[in-house]
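Scroll down for the structure; my scribbles are underneath it.
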Amino acid sequence: MDSLLAPSSTSSFPSLNNNSNSRIKHNSLPSSLGFFNLRKFCTVSFGYSRRSCRLRLSSSRRSKTKCSTSPTMSSSASPEIPQPKIVNGPGGYVLEDVPHLSDYIPDLPVYSNPLQDNPAYSVVKQYFVHVDDTVPQKIVVHKNSPRGVHFRRAGPRQKIYFDSDDVHACIVTCGGLCPGLNTVIREIVCGLFHMYGVKKVSGIDGGYRGFYAKNTVHLDPKVVNDIHKRGGTILGTSRGGHDTSKIVDSIQDRGINQVYIIGGDGTQRGASVIFEEIRRRGLKVSVAGIPKTIDNDIPVIDRSFGFDTAVEEAQRAINAAHVEAESFENGIGLVKLMGRYSGFIAMYATLASRDVDCCLIPESPFYLEGPGGLFEYIERRLKENGHMVLVIAEGAGQELLSESLQSMTQKDASGNRLLQDVALWISQRIKDHFSKERKMTINLKYIDPTYMIRAIPSNASDNVYCTLLAQSAVHGAMAGYTGFTSGLVNGRQTYIPFYRITETQNKVVITDRMWARLLSSTNQPSFLCPKEILEDQGHEESSNELLDNGKCSPN
């Protein structure tokens, strides 16, 4: 298992006895932060305020910390945004680390990890992740390239910062539905219960509003036993309703000390604000995020859970559209798929299906009329094959709907732009064009499987992925990490700072090999003139360094 592949003991760990409840006091800076064991590194910088603190590390011993401000923060202190917690090492090594409870709470008690006494893990030779383990964000490099940005590797630590009997965890789901939500809930509960002996887990009912609406659901392995077989979320969800002060007040009043927040980029931004308020008040509360978006538009991570299931289910709609189209003269099957800002579902479903003649996504502009336009291409395909299948992501072509310009600035409760139904609009434009202008009979079938895709249970691949995400979040929270998102980077589970998840959106790069594969599969035009292609290639030149996976470079 990815999270259990490190030596069970290293020189940087203090010796621990086999009593899982034994308490180890320490007065020095905690080695669990990991970077205190990275002795070859020249500087470690992190901020509790706008001023930064630097720790100089000697190869023979840890030097004393010199800092211009105390890490201990009183609840009356004014809220300030901390600087990213960065470790700089030789060869251009950069570790974008995640916060730890000991960053702002001194002299925390430490406990041995009960996993070392767990009979289920007795067959595992290496219980714990090494404190120096990190995962590179970029894996395609040249021999003289810098080592680049890394993230802390996820997994169980030898030392934990919570007594299992004292843990009161809560789980909340926010935003739209996505396959795998119930699986993540189940595995957080079972991970806390079976791996760490945590008995008190609450579900917050109805999204962020549930914190101050006092709606909770008791969760234990028996309650969540079969929920992974159902779609949706047993906790309920909502958009908006984020009152940071009320939420943190509720966390304090209920004695909650671990918060697991499942949601997309808007939800993770809310989680980041909650963490900052908790840090400002000096509370011993770990905040862990699990990124959820069916569109796969969260940056840094390889993919979001539910995406594989969405692509698989989208193929069913494409297959139905293909059957309908080829059964009628000049048949056109038009399928609308999810993708508000990013066209990953449409792109991957098209590549998987191989029955699609044209795929339209938000990242690739297109036009309807004139030479090289969509109407001309449709007519050519109908004359060649007698039918065609068209896939369009919901966010594609929004700029073409001139009558909806006012709605372009309107947003829902989560801050997402409200979209017009571009697929329905294009369907009507296609009918009008061929019946009135070309005098050509067509049979167009419009299929919108959006809510069918969102509401189904996750498939086998996503179920496994959800398990890894949930268990990694549990390990991180128990180890005292906070203000992080659990995510897969280059095939390894990692802990990613909130700001990296929320700073941008992952989008299809239309000058990348993955989009070229799609164009080759569908034989559709790019709908860009040669001049536009050259301009895009110049703009995306730095992005193409990565990448064979259709994702944007962080640059």
Legend entry - Subset of the stretch 108-142 (residues that are closer than 11 Å to Q158 by Cβ and among the β-branched types (V, I, T)): V110, V129, V131
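Would you mind stating whether R147 is basic (K, R) and either surrounded by 20 or more Cβ atoms within 10 Å (Cβ to Cβ) or closer than 16 Å to S112 by Cβ (or both)?
Numbers: basic (K, R): yes; either surrounded by 20 or more Cβ atoms within 10 Å (Cβ to Cβ) or closer than 16 Å to S112 by Cβ (or both): no.
So R147 fails the test.
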Inset, instruction - Could you tell me which residue of the stretch 367-383 is modelled with the lowest pLDDT, considering only residues that are within 23 Å of E399 (Cα to Cα) and open to solvent by less than 10 Å² (accessible area, probe 1.4 Å)? - result: G373
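Can you confirm whether Q252 is within 24 Å of T482 (Cβ to Cβ), polar (S, T, N, Q) and either out of contact with any Phe, Trp or Tyr (no Cβ under 9 Å at 6 or more places or on another chain) or surrounded by fewer than 23 Cβ atoms within 10 Å (Cβ to Cβ) (or both)? Break it down stepwise before answering.
Numbers: within 24 Å of T482 (Cβ to Cβ): yes; polar (S, T, N, Q): yes; either out of contact with any Phe, Trp or Tyr (no Cβ under 9 Å at 6 or more places or on another chain) or surrounded by fewer than 23 Cβ atoms within 10 Å (Cβ to Cβ) (or both): yes.
Yes, satisfied.
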Legend entry - Residue ID - farthest from I332 (Cα to Cα), chosen from residues in the stretch 433-450 that are assigned to a loop (DSSP other than H, G, I, E, B) and of a type in the set (A, V, I, L, M, F, W, C): M440
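With the structure loaded, tell me whether V198 is more than 24 Å from the chain's Cα centre (by Cα), open to solvent by less than 20 Å² (accessible area, probe 1.4 Å) and at pLDDT 95 or above or whether it fails that test. Talk me through it step by step, then tell me what you get.
Details: more than 24 Å from the chain's Cα centre (by Cα): yes; open to solvent by less than 20 Å² (accessible area, probe 1.4 Å): yes; at pLDDT 95 or above: yes.
For V198, the condition - more than 24 Å from the chain's Cα centre (by Cα), open to solvent by less than 20 Å² (accessible area, probe 1.4 Å) and at pLDDT 95 or above - is met.
Listed residues V356, V335, V287, V259; which is touching a helix residue (DSSP H, G or I) at 6+ places or on another chain (Cβ under 7 Å) and outside any strand (DSSP E or B)? I'd like the intermediate steps shown before the answer.
Details: V335 fails: outside any strand (DSSP E or B); V287 fails: outside any strand (DSSP E or B); V259 fails: outside any strand (DSSP E or B).
Only one candidate passes the filter, namely V356.
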Inset, instruction - Determine the pairs where a residue that is under 16 Å from K431 (Cα atoms) and in the same structural domain as F434 (by the TED database), located within the stretch 376-403, has a partner that is assigned to a helix (DSSP H, G or I) and open to solvent by 10 Å² or more (accessible area, probe 1.4 Å) with Cβ atoms under 7 Å apart, the partner being 6 or more residues away or on another chain. - result: H387/E326; M388/R381; V389/H322
Legend entry - Top-ranked residue in the stretch 226-249 [being in contact with a Leu (Cβ under 8 Å, 6 or more places away or on another chain) and open to solvent by 20 Å² or more (accessible area, probe 1.4 Å); ranked as farthest from I456 (Cα to Cα)]: T237
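Collect the residues in the stretch 462-474 that are hydrophobic (A, V, I, L, M, F, W, C) and open to solvent by 10 Å² or more (accessible area, probe 1.4 Å), keeping them in residue-number order. First the steps, then the outcome.
Step one: list which residues in the stretch 462-474 are hydrophobic (A, V, I, L, M, F, W, C), which gives 464, 466, 468-470, 473-474.
V464, L468, listed by residue number.
Conditions tested, residue by residue: (1) hydrophobic (A, V, I, L, M, F, W, C); (2) part of a helix (DSSP H, G or I); (3) farther than 30 Å from L283 by Cα.
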| position | (1), (2), (3) |
| --- | --- |
| K431 | no, yes, yes |
| M452 | yes, yes, yes |
| V464 | yes, yes, yes |
| V474 | yes, yes, no |
| A477 | yes, yes, no |
| T485 | no, no, no |
| V509 | yes, no, yes |
Inset, instruction - Please work out which residue is nearest to I247 (Cα to Cα), limiting yourself to the stretch 208-225 and to residues that are in a loop (DSSP other than H, G, I, E, B) and open to solvent by 80 Å² or more (accessible area, probe 1.4 Å). - result: K214
Inset, instruction - Within the stretch 72-111, count every residue that is at pLDDT below 65 and surrounded by fewer than 18 Cβ atoms within 10 Å (Cβ to Cβ). - result: 9
Legend entry - strands (runs of 3 or more DSSP E) contained in the stretch 103-207 and holding at least 3 residues of a type outside the set (D, E, K, R) and more than 30 Å from I456 (Cβ to Cβ): 110-112, 134-136, 148-153
Legend entry - Looking only at the stretch 328-358, and only at residues there that are among the polar types (S, T, N, Q) and touching a residue at least 60 places away in the same chain (Cβ under 8 Å), the one that is surrounded by the fewest Cβ atoms within 10 Å (Cβ to Cβ): N330
Legend entry - Tabulated pairs, the stretch 475-502, first open to solvent by less than 10 Å² (accessible area, probe 1.4 Å), second of a type in the set (V, I, T) and part of a helix (DSSP H, G or I), C-beta under 8 angstrom, 6+ apart or interchain: T482/I278; T485/I501; G487/I501
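May I ask you to say which residue of E324, E399 is closer than 28 Å to S304 by Cβ, over 26 Å from the mean Cα position of the chain (by Cα) and part of a helix (DSSP H, G or I)?
Details: E324 fails: closer than 28 Å to S304 by Cβ.
Checking each option against the conditions leaves just E399.
Being open to solvent by 20 Å² or more (accessible area, probe 1.4 Å) and either in contact (Cβ under 8 Å) with a residue 60 or more places away in the chain or outside the structural domain of Y208 (by the TED database) (or both) is the filter here; which residues of the stretch 272-292 pass it? Walk me through it before giving the result.
Of the stretch 272-292, the ones open to solvent by 20 Å² or more (accessible area, probe 1.4 Å) are 272-273, 276-277, 280-284.
Listed by number, the residues that qualify are S272, E276, E277, R280, R281, G282, K284.
Kindly indicate whether D462 is touching a helix residue (DSSP H, G or I) at 6+ places or on another chain (Cβ under 9 Å), among the acidic types (D, E) and outside the structural domain of E384 (by the TED database).
Details: touching a helix residue (DSSP H, G or I) at 6+ places or on another chain (Cβ under 9 Å): yes; among the acidic types (D, E): yes; outside the structural domain of E384 (by the TED database): yes.
For D462, the condition - touching a helix residue (DSSP H, G or I) at 6+ places or on another chain (Cβ under 9 Å), among the acidic types (D, E) and outside the structural domain of E384 (by the TED database) - is met.
If you check Q268 against the conditions, is it touching a helix residue (DSSP H, G or I) at 6+ places or on another chain (Cβ under 6 Å), closer than 22 Å to G232 by Cα and not assigned by the TED database to the domain that holds I442? Reasoning before the result, please.
Details: touching a helix residue (DSSP H, G or I) at 6+ places or on another chain (Cβ under 6 Å): yes; closer than 22 Å to G232 by Cα: yes; not assigned by the TED database to the domain that holds I442: yes.
Yes: the conditions hold for Q268.
The values are calculated or read from the model by the stated rules, or taken from the named source; none is laboratory data. Everything quoted here is computed from the prediction, not taken from an experiment. FYI the Cβ positions are ideal-geometry reconstructions off the backbone, even for glycines, and counts take in every protein chain you see. Ligands, DNA and RNA are stripped out before the accessible areas are found, and what is left, the full protein with its side chains, is counted by its heavy atoms. Shrake-Rupley method; radii C 1.70, N 1.55, O 1.52, S 1.80 Å.
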